[in-house]
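Down below is the structure, laid out as structure tokens.
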Amino acid sequence: MKIIIVGCGKIGTALIASLSAEEHDIVVIDSNRKVLEEVNNIYDVMCVCGNGADSDALEEAGANKADLFIAVTNSDELNMLSCYFAKKMGAEHTVARIRKTDYNDKSLGFMKQTLSLSMPINPEYRAAQEFYNILKMPSAVKFETFSSGGFEMIELRLKPDSRLHGMTLIELRNRSKANFLICAVQRDGKVFIPSGNFMLQGGDKIGVTANQTEILKFLKELNLIQKQTKDVMILGGSRIAYYLAKKLLSAGNNVKIIEKDLLRCEEISELLPGVSMINADGTEQEVLLEEGIERMDAFVALTGIDEENILISYFAQKKGVPKVITKVNREELAELADEMGLDCVISPKITIANMLTRYARALENSMGSKVETLYRLMDSNIEALEFTVHQEFVGVKTPLKDMSIKPNILIAGILRGRTAIIPSGDDMIYAGDKVIVISAGKKLHDLSDILK
């Protein structure tokens with residue numbers, strides 16, 4: 001597809017990296033020539049220096065032939081205007097970054113209709129949703145849902161003294177009463193699609209798929225269930241903090257936000273009267289101790305500085321906070337956080353890049369692709385995809401053990417109506433099923449891509 005991206009900030013650069021890896025034809029528009037030169041040196045993309053709402057720049061970028069037009073500058077209004085003009089020039093689908101909290105669902109719906117937007121995106125809201133999902137399932141370091149809840153996938157970090165250390169997957173399945181599948185393992189930076197003889201080790205990050213009931217049963221058997229979070233401390237009064245606190249309050253949680261900017265404290269207090277706002281420097285350990293960090297069920301680091309988030313999260317973990325979540329955008333620092341033992345590290349820019357990569361593949365449905373859902377797991381080294389099976393698929397009514405499936409690909413789940421199936425070699429796929437496929441190192445656009 002031909003994709004135009006307006007804006008080369010954190011989100012824009014992450015999109016360029018993700019979508020260019022998908023081998024799309026990418027054109028980038030930005031008013032900063034130096035930034036464009038840096039992008040051009042790293043990625044095989046065409047660059048246009050100019051304003052995203054300028055007709056000449058849009059014409060040079062080929063907006064009239066764009067399959068997907070994405071505007072992610074720091075200005076909501078510029079993004080909306082860029083998308084409006086691109087749509088008028090002939091762009092097929094348009095996506096605008098709209099992040100101001102002033103825009104509620106009603107106004108966003110109005111703008112979407114009036115501007116013919118395909119999709120407005122709010123990176124901070126999406127990131128807050130991801131943080132919230134983890135807090136709902138505190139035993140996990142990542143949590144994703146397929147087929148409207150029919151299947152769930154969680155990532156877990158095995159402790160060094162885990163009872164699973166030295167146990168093969170076959171032994172684990174035989175000892176467990178839960179119906180689940182360990183579909184991916186990350187160890188020492190390497191990712192494996194494991195067979196039954198794969199032996200787990202303490203420190204492994206594992207991906208587990210099952211329906212919600214079976215996942216809870218699995219966690220309970222291993223004594224991995226953490227109590228539901230009630231008291232949550234958030235460091236930093238960012239937009240993400242606002243959206244997250246709003247969700248947590250609605251769910252009945254007690255929320256305390258520490259923010260050193262007095263004006264921002266007053267703004268959040270006015271918007272969310274139920275939040276306990278503390279005007280202080282939360283990077284000072286004395287402040288955190290005074291505000292009761294040791295009594296918290298969860299700590300979320302959301303300052304604008306990755307290094308601060310990592311160090312204070314490490315402090316919170318050492319103080320025994322059961323669930324610590326850290327916002328980190330820079331990849332090299334995310335790796336450092338992992339080495340320091342911080343299990344739950346989330347990057348808002350990666351969240352949005354993955355979402356729009358998923359959206360781009362969904363658009364290709366009209367061009368023959370049948371990807372319904374796509375998640376990137378294990379630090380983006382694994383793709384988990386959901387396909388709807390069509391009658392034309394050559395593997396219909398063929399036992400999985402008789403299919404010639406490419407290496408590093410695993411069929412992890414089948415949803416037939418409301419029945420979730422963890423497949424064995426004797427199971428078959430039927431037209432109308434939804435199938436969960438795990439892939440390492442291969443980009444799948446159609447279910448037939450899994451076959452040799």
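The values are calculated or read from the model by the stated rules, or taken from the named source; none is laboratory data. What you are looking at is a predicted structure, and each value in this text was computed from that prediction instead of being measured. No Cβ is skipped: glycine too gets one built from the backbone with ideal geometry, and neighbour counts run over all protein chains shown. We work out accessible area using only protein heavy atoms, side chains counted, and drop any ligands, DNA or RNA first. Shrake-Rupley method; radii C 1.70, N 1.55, O 1.52, S 1.80 Å.
In loop segments of region 343-419 as defined by DSSP, the GluC sites (Glu not before Pro) with at most 14 further C-beta atoms inside 10 Å of their C-beta are 392. Accessible surface area normalised per residue over the chain is 45 Å², counting heavy atoms of protein chains with a 1.4 Å rolling probe. Farthest toward the positive end of the dipole of region 266-312, out of 302, 273, 312, is the Cα of 273, where the dipole comes from beta carbon charges about the Cα centre. The trypsin sites (Lys or Arg not before Pro) of region 157-241 meeting both criteria, a DSSP state outside H, G, I, E and B (loop) and at most 16 other C-beta atoms within 10 angstrom of the site's C-beta, are 163, 177, 227, 230. With contacts taken as Cα pairs under 8 Å at a separation of at least 6 residues, region 66-168 carries a relative contact order of 18 percent. Under the rule of -39500 (n - 2.57) per DSSP H run of 4 or more residues, summed and divided by the residues of the chain, what mean residue ellipticity at 222 nm is obtained, to the nearest 500 deg cm²/dmol? After summing the helix terms and dividing by residue count, I get -10000 deg cm²/dmol. How big is the antiparallel share of DSSP beta bridges in the chain, given as a percent to the nearest 5? Here the antiparallel bridges make up roughly 50 percent for the chain. In the chain, Cα pairs under 8 Å separated by at least six residues give a relative contact order of 11 percent. Only lysines eight or more places from residue 88 in sequence, or on another chain, were considered; those with a Cα closer than 29 Å are 2, 10, 65, 100, 106, 112, 349, 370. Region 193-214 and region 116-137 have their alpha-carbon centroids 27 Å apart.
Under the simplified labelling scheme, the residue 199-residue 32 pair shows an inter-label distance of 5.1 nm, with each label point 7 Å from Cα along Cα→Cβ.
Sites listed here are chymotrypsin sites (Phe, Trp or Tyr not before Pro) in region 371-452 whose DSSP assignment is loop and whose Cβ has at most 15 other Cβ atoms within 10 Å: 430. With a cut-off of 12 Å between beta carbons, the residues surrounding residue 202 carry a summed charge of +3, where Lys and Arg count +1 and Asp and Glu -1. For the pair residue 250 and residue 21, the difference between a 0.36 nm per residue extended length and the Cα-Cα distance amounts to 78.5 nm. Measuring between their Cα centroids, region 316-354 and region 384-414 lie 34 Å from each other. Shown here: region 298-404, whose C-alpha atoms stretch 56, 31, 23 Å along the first, second and third principal axes, sorted largest to smallest.
For region 224-272, the share of accessible area belonging to carbon and sulfur comes to 51 percent (1.4 Å probe, ligands and nucleic acids excluded). Stokes-Einstein diffusion for the chain at 4 °C, viscosity 1.567 mPa s, with a Kirkwood radius from C-alpha pairs, works out to 55 µm²/s.
Express the carbon and sulfur contribution to the solvent-accessible surface of region 292-439 as a percent, rounded to the nearest whole number, probe 1.4 angstrom. The nonpolar share, carbon plus sulfur, comes to 48 percent. Modelled spin labels at residue 190 and residue 266, positioned 7 Å past Cα toward Cβ, are 5.8 nm from each other.
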